[in-house]
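Below is one structure; the comments refer to it alone.
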Amino acid sequence: MEIKKIILSFIVLFTALSYIVKLYSIQIVESKYKLSADNNAHRYVTQYPARGTIFDRNGEMLVFNQNVYDLKVIPKRLSAFDTLKLCELTGISKSKLIDILNIKQSRYKTITILKQIPSEQYAVLQEYLYRFPDFYIETRSVRVYPKPIAAHLLGYIGEVNEKGLEQDKYYRMGDFTGITGIEKSYEKELRGKKGVKIYLVDVHNSIQGKYKNGKYDTVAIAGHNLISSIDAKLQEYGEQLMQNKLGGIVAIEPATGEILSFVSSPSYDPNLFVGRKLSKNYNKVANREYRPLYNRALKSQQPPGSTFKPVAALIAMQEGVIDANTVMNVNGYNTGTHIVNDHISGAVNLQMSIQYSSNAYYCHVLKRTLNDEKFNSIDEAYSNWKQHLHSFGLGVKLGTDIAYESKGLIYPASYFDKYYGKGHWNHNTIISLSIGQGELGFTTLQLANMTATIANKGYFITPHIIKKITGKKIDPKYKHKRYTKIKEEHFYPIIDAMEKVVYAGTARRAFIPHISICGKTGTAQNPHGDDHSIFIAFAPKYRPKIAIAVYIENGGYGSTWAAPIASLMIEKYLTDSVTRHKLETKILEGDLISDKK
């Protein structure tokens, strides 16, 4: 009996507490319940934040915002209006307007009649809005590009898709998000935070005032501004030099990993993708010849040609199969099935092999590297060689802050086992790798980073495009040094040789008397047409301020187009001027696209 009393008392007490908690909850959040219940008597107007502005490294504005206006209505509250006048003001046909108003969805749900009305059109529309009391305006912004440069780098924004809506609850149908480039990589930093204003409306949908005097309104918080590492003048100059050429340029500050210039050619005017222009122009631009939307500097994986030789030499020195004084007799290299021809003959030392770009020398270098007796098999030796390349950022994603980076191409040993059969391939089978051909493919970004690594004598900082975010810290990985497996001492003879390439070797066209440039030419064979012209360089030799890679598709020898372009970029950046006007004019007027047709 006593137990029953206890149980009964417990039930009564629990029930009483439940009522108390429920009543307390309702009283505390009474206004919120009321707000939800009275939803049909309120108008929620989203306050879109200003998207963050993007600047170059010197404070020049690359991207800013301009207000545009969305015309909206709730169909259930729509009364008779002057259809023809609204069509006249908005430029929408009557049939399209009717279709919009008859969209199958909740009649209480807001629909957008016209998106992103520009300021000049809105100024006219605003004069007549009093005649359309059921319609209202939401203000948002679109991007504006003061200079039509760096389209691939900056990227563009577009309407969020269903996948984006599912992945991030921040977005609502009709919101905009970064699609490519910086706009995508730094979307969360740039977008800010939306606010809302709640208004009381009468049965005619006319605003009667703020709900609860604005108690539940929230303020939009603007996005963070971004300071990029790009030098706008250098970027613009690089794009001018690349007119009528296919390929890419990437320039990096070796000490920081900051990207100074990032050019993909052909490009397009980013203003073509602003607001409503995006849907109008996207297919037109996408379908142009030579794919201007394709980011060649970031995604195109091309053979590095002879620009690969300095790295091949560094690996061989680290493994102890050659040293700075190694001499080889080069008169072509016989693989047993064909001869690898050479530019020079006779006795060649390490520095001469880079200065004059000896092919045979590097065939012997690869042979020694892969036949090194300390390895149990060629698979093991090759895998070790591949790991060295990875430490230079080759064949792996670098982790840059530009969206959609390619990782490059270096096949594993298992690929050759599968292709040729286990134990049925050797150094001669893959001898083309020794001169940067065959199963190798690197992006222009990777080649520039490789060059910065040589300039730094064995390390690099992950290449990045944003150096500062207002009110927020950048990712610490963009400050961290990433070391190769090569000892610093091995870099000195390679750097000396690269200096000779420019003042007395294959890249004499890149020589500038007052600037010590260290470089390496490359000519990559192309089975589909003319060879590709490649050049890597850094300057000055001591305490380098710029490392650059230039890749010109179908440009022929590395010394013909890539080397002069790189040297002009270097001179422009280091001195803010160009002295070789005849060379500059030739490059600017050079048309490698029309000439190939």
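The values are calculated or read from the model by the stated rules, or taken from the named source; none is laboratory data. If you're wondering where the values come from, they're calculated on a predicted model, not measured in any experiment. Counting neighbours? That spans all protein chains shown, and the Cβs are built from the backbone with ideal geometry, glycine included.
Assorted remarks:
- Helices (runs of 4 or more DSSP H) lying entirely in region 335-422 (those with 3 or more residues that are surrounded by 17 or more Cβ atoms within 10 Å (Cβ to Cβ)): 350-355, 359-370, 378-391
- Complete set of residues in region 105-157 that are within 28 Å of the chain's Cα centre (by Cα) and of a type in the set (S, T, N, Q): GLN116, SER141
- Checked against the criterion of being under 19 Å from PHE262 (Cβ atoms) and in contact with a strand residue (DSSP E or B) (Cβ under 9 Å, 6 or more places away or on another chain), region 577-594 contains not a single residue that satisfies it.
- Hey, THR462 closer than 30 Å to GLY181 by Cα, of a type outside the set (A, V, I, L, M, F, W, C) and either out of contact with any Cys (no Cβ under 9 Å at 6 or more places or on another chain) or in the same structural domain as LEU190 (by TED's automatic domain parsing) (or both) or not: yes
- Residues of region 52-85 classified as β-branched (Val, Ile, Thr) and over 17 Å from ALA151 (Cα atoms), total: 4
- Some residue of region 61-76 being part of a helix (DSSP H, G or I) and either touching a helix residue (DSSP H, G or I) at 6+ places or on another chain (Cβ under 8 Å) or in the same structural domain as ALA222 (by TED's automatic domain parsing) (or both): yes
- Enumerated strands (runs of 3 or more DSSP E) restricted to region 96-212, each holding at least 3 residues that are out of contact with any helix residue (DSSP H, G or I) (no Cβ under 6 Å at 6 or more places or on another chain): 111-117, 135-144, 195-201, 207-210
- Identification of strands (runs of 3 or more DSSP E) wholly contained in region 443-515 with 1 or more residues that are touching a residue at least 12 places away in the same chain (Cβ under 8 Å) and over 21 Å from the mean Cα position of the chain (by Cα) yields 459-461, 481-483.
- So ILE198, is it in contact with a Pro (Cβ under 6 Å, 6 or more places away or on another chain) and surrounded by fewer than 22 Cβ atoms within 10 Å (Cβ to Cβ): no
- Residue list for region 404-433, filter: within 14 Å of LYS386 (Cβ to Cβ) and touching a Cys at 6+ places or on another chain (Cβ under 6 Å): none
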